[in-house]
1. Just one of (1) of a type in the set (D, E, K, R); (2) outside any helix (DSSP H, G or I); (3) at pLDDT 90 or above trips up E212, so point out which.
2. Out of the residues in segment 359-378 that are under 12 Å from V332 (Cα atoms) and part of a strand (DSSP E or B), which is most open to solvent (accessible area, probe 1.4 Å)?
3. Out of all the residues in segment 50-93, which are among the basic types (K, R) and in contact with a Ser or Thr (Cβ under 7 Å, 6 or more places away or on another chain)?
4. Show the residue pairs that are 6+ apart or on different chains and have beta-carbon atoms under 6 Å apart, the first residue being within segment 234-252 and on the phi < 0 side of the Ramachandran plot and of a type in the set (A, V, I, L, M), the second being part of a helix (DSSP H, G or I) and open to solvent by 40 Å² or more (accessible area, probe 1.4 Å).
5. Could you list, in sequence order, all residues of segment 105-124 that are touching a residue at least 60 places away in the same chain (Cβ under 8 Å) and open to solvent by less than 60 Å² (accessible area, probe 1.4 Å)?
6. Cβ-Cβ below 6 Å, separation at least six or inter-chain, first residue in segment 150-163 and more than 22 Å from R193 (Cβ to Cβ) and open to solvent by less than 100 Å² (accessible area, probe 1.4 Å), second modelled with pLDDT of 95 or more and charged (D, E, K, R): which pairs?
7. Quick one: what pairs do we get from segment 58-85, first residue assigned by the TED database to the domain that holds S97 and among the aromatic types (F, W, Y), second part of a helix (DSSP H, G or I) and at pLDDT below 85, C-beta under 7 Å, 6+ apart or different chains?
8. Does any residue of segment 65-75 turn out to be open to solvent by less than 100 Å² (accessible area, probe 1.4 Å), in a helix (DSSP H, G or I) and closer than 30 Å to D230 by Cα?
Amino acid sequence: MSTLPREPNEDSRMQSFWMPGNYERTVRRTDQSFHACKDIMACFNERAKVEKQYAQQLSEWGSKWKAIVDARPLYGSLMRAWQCFFSSAERLSILHSSISQSLVTEEGDRVKSWQKDTFPKKIFCGFRETHENETGFARAQKPWAKRLGKLEKARGAYHKACHKEQIAIDRETQAKENTELSPEKLKKIQDAREKASVEKDKVREKYEKVLEDVTSYAPRYMEEMEAIFDQSQEEERKRISFLKQAFLSIHRHLDITNNESVKTVYSELHHTLTSISEADDLRWWKNNHGPGMPTDWPTIEEWIPPVKKPKNKKRDKKGQKDKPVMIGGVKVRALYNYVGEESDELSFKAGEVFLKVEEEDDQGWCRGMLDGGNDGFYPANYVEVVQ
């Protein structure tokens with residue numbers, strides 16, 4: 001129906017047809033098609049005025065010069081040849097006047113009548129098709145949106161529990177290293193860590209149950225949404241098919257010349273019009289605004305511990321030089337992705353293996369070396385030793 005725009009480069013999941021509210025683009029298509037019909041009628045009504053004005057100008061030109069030529073002392077074939085221009089102009093004037101009338105009374109009225117039948121209005125609700133699509137999509141998506149809300153809440157609770165557990169683990173580690181701490185306090189800290197771990201497992205179990213509910217409901221949700229979408233596609237297919245025929249009919253009125261160069265122009269135009277494909281247009285809409293769009297279905301999002309940044313922005317280079325270097329290094333494996341923020345920091349991906357060449361400093365940083373020879377600092381809690 002309309003010009004196919006270039007899609008913005010945005011997050012595919014949030015822009016997907018399946019996400020709550022994104023069906024509105026398909027719902028609005030009905031209103032956009034209605035306004036497109038009005039534009040088509042206005043466009044070719046203006047072309048009809050051009051044809052009518054041209055017909056009047058040809059007729060006026062022929063009448064003026066025929067009277068002048070009739071008074072001139074010419075005769076024979078030269079006179080007949082000159083007068084033939086004016087008779088041809090009159091015939092062309094009649095032809096262009098007929099084109100103007102056909103564009104208004106035949107094509108314009110046909111599109112207007114079709115528009116009235118195709119876009120019946122529902123009182124206080126706009127077009128009936130728009131209302132039915134809006135109601136159908138909203139009804140089908142309501143249970144899905146509710147489940148997604150519960151999933152987001154469960155995900156937040158799980159990540160919060162992971163964070164609390166990590167804090168408890170860090171406190172326990174520090175307590176074990178503190179020789180002055182009494183056994184009673186150490187036991188209390190260990191109990192707190194165990195409690196945090198148990199709580200995290202419970203919250204994760206709830207998270208998994210909510211995700212399982214979302215995943216099991218997805219097929220039904222997809223079936224209901226696609227059923228409504230297919231109805232909308234069928235109505236749009238009918239509109240595309242009708243306007244294709246309307247354009248071809250208008251073309252037949254305008255294609256009046258036998259001039260080879262003009263034939264070429266109209267041939268190319270005709271080729272473009274006959275290339276209109278319901279299948280290609282519907283396929284494009286489906287892949288960009290419908291079920292064919294890519295999306296990231298919900299999965300478990302693991303918690304990633306925060307990086308403990310050094311209190312001092314600049315590390316003590318002298319102190320690092322005095323620190324003993326580990327001969328041969330120790331192989332470590334990255335637990336998480338990390339992108340270095342400073343020029344002296346390493347960047348790596350989860351699962352990558354490299355060497356630790358210096359022990360952890362008092363701010364939680366180690367020095368390592370990648371396979372390519374690059375060395376730098378990295379957060380110690382982002383790796384584990386390879387056994």
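1. (2)
2. If we take residues in segment 359-378 being under 12 Å from V332 (Cα atoms) and part of a strand (DSSP E or B), then M369 is most open to solvent (accessible area, probe 1.4 Å).
3. Within segment 50-93, K52 is the sole residue that qualifies.
4. I240/E278; I240/D281
5. E107, G108, V111, W114, Q115, T118, F119
6. A154/K206
7. Filtered contacts from segment 58-85: W61/A89; W65/F86; W82/V69.
8. Checking segment 65-75: not a single residue is open to solvent by less than 100 Å² (accessible area, probe 1.4 Å), in a helix (DSSP H, G or I) and closer than 30 Å to D230 by Cα.
The values are calculated or read from the model by the stated rules, or taken from the named source; none is laboratory data. Bear in mind that the values here come from a model prediction, so they are computed numbers and not experimental data. No Cβ is skipped: glycine too gets one built from the backbone with ideal geometry, and neighbour counts run over all protein chains shown. Areas reflect the complete protein model, heavy atoms only, side chains present, ligands, DNA and RNA absent. Shrake-Rupley method; radii C 1.70, N 1.55, O 1.52, S 1.80 Å.
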